[in-house]
1. Each residue of segment 41-50 in order: what ³J(HN,Hα) in whole Hz does its phi give by Karplus 6.51 cos²θ - 1.76 cosθ + 1.60, θ = phi - 60°, with x for Gly and Pro?
2. Using heavy-atom solvent-accessible surface (probe 1.4 Å) with all chains present, what is the largest-first order of Arg59, Arg10?
3. Ordering Asp43, Asp168 by accessible area with a probe of 1.4 Å, largest first, what comes out?
4. Using the Karplus curve 6.51 cos²θ - 1.76 cosθ + 1.60 with θ = phi - 60°, work out ³J(HN,Hα) for each residue of segment 180-194 in order, rounded to whole Hz, and write x for Gly and Pro.
5. So what's the gap between the Cα centers of segment 68-84 and segment 1-32, to the nearest angstrom?
6. How much length is gained on full extension from Ala109 to Trp129, taking 0.36 nm per residue of separation minus their Cα-Cα distance?
7. Please work out whether the chain counts as rounded, prolate or oblate from its C-alpha gyration tensor, where a ≥ b ≥ c are the square roots of the eigenvalues and a/c under 1.5 means rounded, while otherwise a/b larger than b/c means prolate and anything else oblate?
8. Enter the mean projected area of the convex hull around the alpha-carbon atoms of segment 34-140, in nm², rounded to one decimal.
Amino acid sequence: MGAGGGQGTRLAAEVLPEAEVLAVEPSPLLRGVLLSRVAERPDLRERVSVVAEDLLSARLPERICGALAMNVIGHFDPDGRERVWSLLARRLSPRGRIALNLSEPLRPARVPRAPMGEARVGRGRCVGWAAAEPSGPESVTWYMEYEVHDGLGGVRTSRTDYTWWTLDEAGLRAETARHGLAVSAFGPAGAGLFVLSHGRG
């Protein structure tokens with residue numbers, strides 16, 4: 001779910017070498033990166049399918065063994081999340097698992113502008129910053145800014161923003177319980193990593 005540029009897709013395929021993988025990604029830009037990463041690996045071309053739709057529009061198999069949803073759930077408003085939990089609960093096999101994370105902020109709060117990262121490519125350098133402001137009782141607006149320095153004196157700046165719907169662990173447990181899904185935390189404490197499964201966690 002929200003396969004992005006494909007790093008998680010490649011990892012999932014490597015960890016589960018016998019599995020068929022459906023990589024759902026609605027963004028044309030990210031999907032282009034994802035397709036190039038899959039195409040460069042013959043072993044992945046045989047069993048990774050890239051789905052050019054959002055999760056709620058995608059034609060999925062009637063039964064899935066698992067799902068990976070990292071940095072995705074905040075893109076769905078409360079009504080959208082109910083549809084996501086319903087869809088996953090219906091299609092998840094009895095012993096299947098859904099791995100997801102909850103990203104900060106877990107409740108609407110201001111996030112001061114901070115660097116996201118920097119990468120060098122040849123002479124060039126790419127830098128990104130992010131900040132967030134509360135935009136409603138259950139949401140924030142993230143503001144992203146990117147600078148691309150070409151190494152020859154040229155600088156190109158781009159900005160974007162989007163709504164992110166906040167959700168904490170208590171909310172996750174309450175919402176998924178309505179669909180018969182149990183929540184278990186995993187990974188390092190405070191990492192916001194959870195597994196959903198049928199019945200008791």
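1. Karplus values, whole Hz, x for Gly and Pro: 10, x, 5, 7, 4, 6, 9, 10, 10, 9.
2. Values: Arg59 195, Arg10 60 Å².
Largest to smallest exposure gives the sequence Arg59, Arg10.
3. On the way: Asp43 70, Asp168 35 Å².
Reading off the accessible areas and sorting them downward yields Asp43, Asp168.
4. x, 9, 9, 10, 10, 7, 8, x, x, 4, x, 7, x, 9, 9
5. Cα centres, segment 68-84 to segment 1-32: 17 Å.
6. Numbers: separation 20, 0.36 × 20 = 7.20 nm, distance 1.73 nm.
Gain in length upon complete extension: 5.5 nm.
7. Details: a/c = 2.12, a/b = 1.25, b/c = 1.70.
Judged from the Cα gyration tensor, the chain comes out oblate (a/c at least 1.5, b/c at or above a/b).
8. Details: hull surface 39.4 nm².
Over every viewing direction, the Cα hull of segment 34-140 projects on average to 9.9 nm².
The values are calculated or read from the model by the stated rules, or taken from the named source; none is laboratory data. Predicted model only: the values in this text are computed from it and were never measured. Glycine also receives a Cβ, built like all others from the backbone with ideal geometry; neighbour counts cover every protein chain displayed. In case anyone asks, the SASA skips ligands and DNA or RNA and just uses the protein heavy atoms, side chains included. Shrake-Rupley method; radii C 1.70, N 1.55, O 1.52, S 1.80 Å.
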